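Right, one structure below, let's go through it.
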């Protein structure tokens, strides 16, 4: 494939030629898209008469579509490409496209150009919703301010964009390696040690997920676990200053726009609407969940006493270890044996089979495609012999790569002027154990759930049929976007679904039903502890963006206060979790959405389960009522339409074992 700027800016139905990317090409492509975006702006603003919905609001959607795709590509490249020069250029260009978005949001001339169409048009449905959203976005983002205020606001927004990129980059580029002796590594699985053993006999361990989480579960040395945990929650120390600047800039922006706090500003377009609604939700859940969490904690203390004779408090680096002991001793679940039933390729085939049964699509891998790393794989989604979407999988950790698990949208859905539908594309970027010469990549069941979660985002992005980019796929309110991902996790807990893929990597034996029943019995082990931790994360985020005085308190002092008051594990002095809490970049005043959305997802799950988890009719109903619609209707209404009633909290409490 001949490399050119069109590989990034041309036919969106084709896969991007990542193989031959050059820094200069990225710079050229970003500038081309920004220039084209400016042309569309000029075109709309120059209209003197015959203004229509099509040549104003739909053209704005065209603008967001092409600029959004470039921004998404740059975000993906900056987080995954193995070449430093290319990553750096992608970050530079990402800042430029981000500033272009900021400029559009403050373009009062554009606002004035389209406002007459909004006032006179009598369209309904998604067209009316699109106009409402775009006009309210202009007004919410400062188009009604005077010129000096808009200029100041533009500078603040550009600063926020730059600081967000710096915050993420500091996390991804902060690498730690530790060498442990064989004695310190006692308890770790033989395969884990074999893969990391060095010529001098030491065990080399990083903070990548496939290294960190097994170490915290199985290493018998309390000192070694403490050392690794402390390093994990003291990453990216430079972000203390970055976070202070980021919070301050967000507060200045909110104040300039007339809002009490950044959370007050950010939530107006969400389902929750107000910070008070979020605080009420979190505090109500905390009250309901804490008794279950205390029971969970008491059981861990009992397990600790049986092994060590001590009834001292459980500390953060001990929780995973004693939880693993609990699962083995009380539920006879050996996670190391269980993972033998979850080789990653088999899990993927199972997910593809589930999607075929539910949504009527086939997923096919295509070899020899231009990708950004040799481990990256390319797939096409086929319906009735037509390709309707494509996606990439980048599943294993490496240096300078995004260190968590996420779905990176690339191209969104959109009805094009020629009558065709734009081909959506996305990438799943994860950090699962890498296969070796001796073993395939074997996933713990928790990792299987994570893969299902991210694939739920992927189905939302790829299967959209929204007529406009603005509402396509995951372009929803932040407190709804996690519904499809958390809902899809449940297929990893359904035995009929598991039988499609949970096959022993050596023998091919299907996961025994007796083992599955043990998994179900143990599903809510530490559910209270887990949910309190989620409330802590959400409360930390909301405190920073709604109730935080940067002059009187440090970000770390907030972590200490909330961790000690919400969770059952005392704060560890000298740590600063917030500096590597990556959600503070894109989920600012939005982390609560995981729990908010889970209430919807659990309610929908119980409805689906009544009909059967692999029931095609229910799958197509979910596809049509939720996945395809994106945000073309009010998000809470999508849930009501699917359920046929108002959503309730009951399913969430029941599924988490909370009385």
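Go through the residues of the stretch 400-413 one by one and say whether even a single one is under 26 Å from residue 126 (Cα atoms), within 21 Å of the chain's Cα centre (by Cα) and part of a loop (DSSP other than H, G, I, E, B). It would help to see each step written out before you state the result.
So in the stretch 400-413, the residues under 26 Å from residue 126 (Cα atoms) come out as 407-413.
Still in the running and within 21 Å of the chain's Cα centre (by Cα): 407-413.
Filter again for part of a loop (DSSP other than H, G, I, E, B), leaving 412-413.
The answer is yes, given that some residue of the stretch 400-413 is under 26 Å from residue 126 (Cα atoms), within 21 Å of the chain's Cα centre (by Cα) and part of a loop (DSSP other than H, G, I, E, B).
A quick yes/no check of all residues on (1) outside any helix (DSSP H, G or I); (2) touching a helix residue (DSSP H, G or I) at 6+ places or on another chain (Cβ under 8 Å):
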site: 19; (1), (2): yes, no
site: 39; (1), (2): no, no
site: 55; (1), (2): yes, yes
site: 59; (1), (2): no, yes
site: 63; (1), (2): no, yes
site: 76; (1), (2): no, no
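Which one of 529, 550 is touching a helix residue (DSSP H, G or I) at 6+ places or on another chain (Cβ under 8 Å) and either at pLDDT below 95 or assigned to a strand (DSSP E or B) (or both)?
None of the others qualify; the one that does is 550.
Looking at (1) surrounded by fewer than 23 Cβ atoms within 10 Å (Cβ to Cβ); (2) under 27 Å from residue 622 (Cα atoms); (3) without any contact (Cβ under 8 Å) to a residue 60 or more places away in the chain, find the lone condition where residue 368 falls short.
Answer for residue 368: the failing condition is (2).
So, residue 560, is that one in contact with a helix residue (DSSP H, G or I) (Cβ under 8 Å, 6 or more places away or on another chain) and either in contact (Cβ under 8 Å) with a residue 24 or more places away in the chain or at negative phi (or both) or not? Steps first, please.
Numbers: in contact with a helix residue (DSSP H, G or I) (Cβ under 8 Å, 6 or more places away or on another chain): no; either in contact (Cβ under 8 Å) with a residue 24 or more places away in the chain or at negative phi (or both): yes.
When the stated conditions are applied, residue 560 does not pass them.
Among the helices (runs of 4 or more DSSP H) confined wholly to the stretch 250-357, which include 1 or more residues that are surrounded by fewer than 17 Cβ atoms within 10 Å (Cβ to Cβ) and at pLDDT 95 or above? Write out each step before concluding.
Details: elements: 262-266, 275-308, 319-331, 335-338.
The helices (runs of 4 or more DSSP H) meeting that bar are 275-308, 319-331, 335-338.
Quick check, is residue 197 over 24 Å from the mean Cα position of the chain (by Cα) and without any contact (Cβ under 8 Å) to a residue 12 or more places away in the chain? Let's see the steps before the verdict.
Numbers: over 24 Å from the mean Cα position of the chain (by Cα): yes; without any contact (Cβ under 8 Å) to a residue 12 or more places away in the chain: yes.
Spelling it out, residue 197 is indeed over 24 Å from the mean Cα position of the chain (by Cα) and without any contact (Cβ under 8 Å) to a residue 12 or more places away in the chain.
Only one of 461, 457 is touching a residue at least 12 places away in the same chain (Cβ under 8 Å) and out of contact with any helix residue (DSSP H, G or I) (no Cβ under 8 Å at 6 or more places or on another chain). Can you tell me which?
Details: 457 fails: out of contact with any helix residue (DSSP H, G or I) (no Cβ under 8 Å at 6 or more places or on another chain).
Sole residue among the options that is touching a residue at least 12 places away in the same chain (Cβ under 8 Å) and out of contact with any helix residue (DSSP H, G or I) (no Cβ under 8 Å at 6 or more places or on another chain): 461.
Scan the stretch 102-117 for residues that are in contact (Cβ under 8 Å) with a residue 24 or more places away in the chain, buried (at least 16 other Cβ atoms within 10 Å of the Cβ) and in a helix (DSSP H, G or I) and report the count.
The qualifying residues number 9.
Considering only the stretch 155-171, state which residues are surrounded by fewer than 20 Cβ atoms within 10 Å (Cβ to Cβ) and out of contact with any helix residue (DSSP H, G or I) (no Cβ under 6 Å at 6 or more places or on another chain).
The answer is 155, and nothing else.
Sort out which residues of the stretch 229-241 are surrounded by fewer than 21 Cβ atoms within 10 Å (Cβ to Cβ) and either in a helix (DSSP H, G or I) or on the phi > 0 side of the Ramachandran plot (or both), and write them in order of number.
Once the filter is applied, which keeps residues that are surrounded by fewer than 21 Cβ atoms within 10 Å (Cβ to Cβ) and either in a helix (DSSP H, G or I) or on the phi > 0 side of the Ramachandran plot (or both), the stretch 229-241 yields 230, 231, 232, 240, 241.
Please enumerate the residues belonging to the stretch 121-138 that are exposed (fewer than 14 other Cβ atoms within 10 Å of the Cβ) and assigned to a helix (DSSP H, G or I).
If the condition is that a residue be exposed (fewer than 14 other Cβ atoms within 10 Å of the Cβ) and assigned to a helix (DSSP H, G or I), then 125, 132, 136 are the ones that fit.
Out of 319, 335, 284, report the one residue that is under 30 Å from residue 575 (Cα atoms) and without any contact (Cβ under 8 Å) to a residue 24 or more places away in the chain. Let's see the steps before the verdict.
Values: 319 fails: without any contact (Cβ under 8 Å) to a residue 24 or more places away in the chain; 335 fails: without any contact (Cβ under 8 Å) to a residue 24 or more places away in the chain.
Step by step, each of 319, 335, 284 is checked, and only 284 is under 30 Å from residue 575 (Cα atoms) and without any contact (Cβ under 8 Å) to a residue 24 or more places away in the chain.
Which of the residues belonging to the stretch 182-221 are out of contact with any strand residue (DSSP E or B) (no Cβ under 9 Å at 6 or more places or on another chain) and not in a loop (DSSP other than H, G, I, E, B)? Spell out the reasoning first.
If we filter the stretch 182-221 for residues that are out of contact with any strand residue (DSSP E or B) (no Cβ under 9 Å at 6 or more places or on another chain), which is where we start, we get 183, 186-187, 189-190, 194-195, 199, 201, 208-210, 213-214, 216-218, 220.
Once the filter is applied, which keeps residues that are out of contact with any strand residue (DSSP E or B) (no Cβ under 9 Å at 6 or more places or on another chain) and not in a loop (DSSP other than H, G, I, E, B), the stretch 182-221 yields 190, 194, 195, 209, 210, 213, 214, 216, 217, 218.
Residue 393 fails exactly one of the following numbered conditions: (1) crowded, with 21+ Cβ neighbours inside 10 Å; (2) more than 17 Å from residue 441 (Cβ to Cβ); (3) in contact with a strand residue (DSSP E or B) (Cβ under 7 Å, 6 or more places away or on another chain). What is the number of that condition?
(2)
The values are calculated or read from the model by the stated rules, or taken from the named source; none is laboratory data. It should be emphasised that the depicted structure is a prediction, and the values quoted were computed from it without experimental measurement. FYI the Cβ positions are ideal-geometry reconstructions off the backbone, even for glycines, and counts take in every protein chain you see.
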